[in-house]
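For reference, the structure discussed in these notes is given below.
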Amino acid sequence: MKKQYKKVVLAYSGGLDTSIIIPWLKENYGCEVIAAAGDVGQGAELEGLEAKAIATGASKLYVMDLVDEFVDDYIIPTMQAGAKYEGTYLLGTSFARPPIAKKLVEIAKKEGADAICHGCTGKGNDQVRFELAIRAFAPDMGIIAPWREWDIKSREEEIDFAEAHHVPLKINRETNYSKDKNLWHLSHEGLDLEDPANEPDYAKPGFLEMGVAPEQAPDTPSYVTIHFEKGKPTALDGVAMKASELLKKLNAVGGANGVGIIDIVENRLVGMKSRGVYETPGGTILYFAHEQLEMLCLDKETAHYKAIVAQKFADIVYNGQWYTPLREALSAFVEKTQETVTGDVKLKLYKGNIIPAGTVSPYSLYSEELATFGEDSVYDQTDAAGFIHLFGLPLTVGAKLKEKWQTKGE
C-alpha cells in the first residue's frame, strides 16, 4: 500500500507532464497540492501559469525568481570549468535542476509539506538530479515520481488524460516534442528526432525558438566584444552589465546568426542513448570566448590539467551531483585558475560560425618577442640543443640498450 501524504509541493512548469500531475495527485493521494515554478529565464512559458495551476487543482503557486542565482552560481562556474558533457553538450538542463530543487525544499519546509513531487520520467536524467538535490537538503522528505507509479505509458496517453480532465495544453499531437527551456538553452527530443537517421527540420515553424538555421542567417557577420574579470563575463561591447543581461544579449545576436545549434546522441545516466537537438546561442559564444582568453592567460600545465578537470566536472553536473564535496573541491581549483583570466575577446559571428577576431589581456603569457620568426635578442636558439639532448635522453639510452641486446643475440 502506497504511503499517503497530506501536503505535496509539485515542481511545476505548466508543460504536459506537470499539468496532468496535479489532478492525478489529488485523485491518487487526496492531498493538497502546492505548485512551485522556478523562473530560470524561460520567459513566456510562465505567463498564465498561476491561473492554470489553480484551475487544475493546486491550492497556490509559487514562482521562484532564480535567474541571477542560476546564472551567477551555476552557469558561470560551469563555464569557467570549461565543462562540456561528452565534449559537446553545454549542460543546459543539467545545471538548472539543482537550484530549482533547493528552492522546492525551502518551500516544502515553509509550508509544512511532507513530500515533493516531480514530473521526470523513469527513463531520464532529471529524476536523479532532482532527487539527489532534495536529499542534500531534506534527506527524510518524501518524494513522489508519478512516472514511476502511474499506468500512463506515453506522451500520447498523457494528452488523453489531459483531455479527459479538461487540462488546457499548448501542444498538440503533431508538435508534441519534449522541450526544456531556460535562459541558457532550449532542448528538443522525441517524435522524428528519436531516429538518428532523420535530419532535423530546422525550418519547421515552431521548431527553433532561440534563433535561425545557419542557412537563414544574414550574409554579413556580426561582431561582439566580451570583457572578462577573473573568468566572469562583466561587459559586452564596452557596456558593463550583470551576467544574466549579458547572456540575454548574446542569445539575441547569436541566435540571429545561427550560432549554437547542436544535434547529438548522448549517453544518459540511466544507461540508454538519447538523441536531442539543443539551442544554446549565447552560451556557445561565452564558452568560445572564455576558451580564447584562457589560451593567452593559462600556462601549459594548468591548461592541460584543467581539461581533465573539465571532463569530470561535466560528468558531475550531468549526473546531478552538484551538491557534493567533489564538485565543491573542483570549483575551488577552477576558481584558482581564473585569477588571471581577465581581458577582452572579440568574435565574428557568421552563419553558425564563431571566428576569433582578436584577444587582449594584461595577464597574457604570449610574448611576440619570444615567438617571432624574425630577428630577436631574447632567445638563444643554441640552448635548444641541450634541451633536446636531455629531453630525449631516455630514448637515447633505450636505443643503445636495444643495440647491445641485438649484438649479444647475434
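For Asp65, the accessible area of its heavy atoms, probed at 1.4 Å with every protein chain present, is near 120 square angstrom.
Farthest toward the positive end of the dipole of segment 124-174, out of Val128, His166, Ile152, is the Cα of Val128, where the dipole comes from beta carbon charges about the Cα centre.
Which value results for Rg/Rh of segment 293-410 when Rg is the Cα radius of gyration and Rh the Kirkwood radius based on the inverse mean 1/r? Mind dumping the intermediate values first?
On the way: Rg = 22.5 Å, Rh = 19.3 Å.
Taking Rh as the inverse mean 1/r over Cα pairs, Rg/Rh reads 1.16.
Find the all-direction average of the projected area of the Cα convex hull for the chain, expressing the result in square nanometres with one decimal place. Let's see the in-between values first.
On the way: hull surface 116.5 nm².
Averaging across all directions leaves 29.1 nm² for the Cα convex hull.
Positive end of the dipole of the chain (Cβ unit charges, origin at the Cα centre): among Ile100, Leu25, Gly206, the Cα lying farthest that way belongs to Leu25. Each Lys and Arg contributes +1 and each Asp and Glu -1, all at the Cβ; summed about the Cα centre of the chain, the dipole is approximately 1180 debye. If you roll a 1.4 angstrom probe over the protein chains with everything in place, what fraction of the accessible area of segment 1-126 belongs to carbon and sulfur, to the nearest %? Solvent-exposed carbon and sulfur of segment 1-126 make up 48 percent of the total.
Quick one: putting +1 on the C-beta of Lys and Arg, -1 on the C-beta of Asp and Glu, what dipole do you get for segment 58-177 around its Cα centre, in Debye to the nearest 20?
Values: 15 positive and 20 negative charges, 39 e Å.
Rounded to the nearest 20 debye, it is 180 debye.
The distance separating the Cα centre of segment 262-316 from that of segment 51-66 comes to 35 Å. Given their separation in residues at 0.36 nm each and the Cα-Cα distance between them, Lys300 and Glu403 gain 33.5 nm when the chain is fully extended.
Shown for segment 296-383: the carbon plus sulfur share of the solvent-accessible area, taken with all protein chains present and a 1.4 angstrom probe, equals 52%. Distance from the alpha carbon centroid of segment 365-410 to that of segment 122-143 works out to 55 angstrom. Accessible surface calculations at 1.4 Å, restricted to protein heavy atoms, place the chain at 50 Å² per residue. When the inverse distances between all different Cα atoms of segment 87-197 are averaged and flipped, the Kirkwood radius reads 16.0 angstrom.
Could you pull out the pairs from Lys2/Lys26; Lys179/Lys204; Lys102/Lys230; Lys153/Lys273; Lys102/Lys336; Lys103/Lys249 whose alpha carbons sit more than 23 Å apart here? Beyond 23 Å between Cα atoms: Lys102/Lys230; Lys102/Lys336; Lys103/Lys249. Its DSSP H runs of at least 4 residues, each contributing -39,500 (n - 2.57), put the calculated 222 nm mean residue ellipticity of the chain at -12000 deg cm²/dmol, to the nearest 500.
Remind me, what semi-axes does segment 98-150 give for its equivalent ellipsoid, largest first in whole Å, using sqrt of 5 times each Cα gyration tensor eigenvalue? Don't skip to the answer; put the middle values down first.
Details: eigenvalues 66, 30, 14 Å².
Whole-Å semi-axes of the equivalent ellipsoid: 18, 12, 8.
Here the extension length gained between Asp263 and Asp237 equals 6.3 nm, from 0.36 nm per residue of separation less the Cα-Cα distance. What you get for segment 273-410, charging only the Cβ of Lys and Arg (+1) and of Asp and Glu (-1), is a dipole of about 920 debye around the Cα centre. In terms of modelled amide H atoms, which long-range or inter-chain residues lie less than 5 Å from the amide H of Lys60? The list, which skips near neighbours in sequence, is Ala35.
The values are calculated or read from the model by the stated rules, or taken from the named source; none is laboratory data. Keep in mind it's a predicted model, so treat the numbers as computed, not measured. No Cβ is skipped: glycine too gets one built from the backbone with ideal geometry, and neighbour counts run over all protein chains shown. Remember, those area values only see protein heavy atoms, side chains included, never the ligands or the DNA or RNA. Shrake-Rupley method; radii C 1.70, N 1.55, O 1.52, S 1.80 Å.
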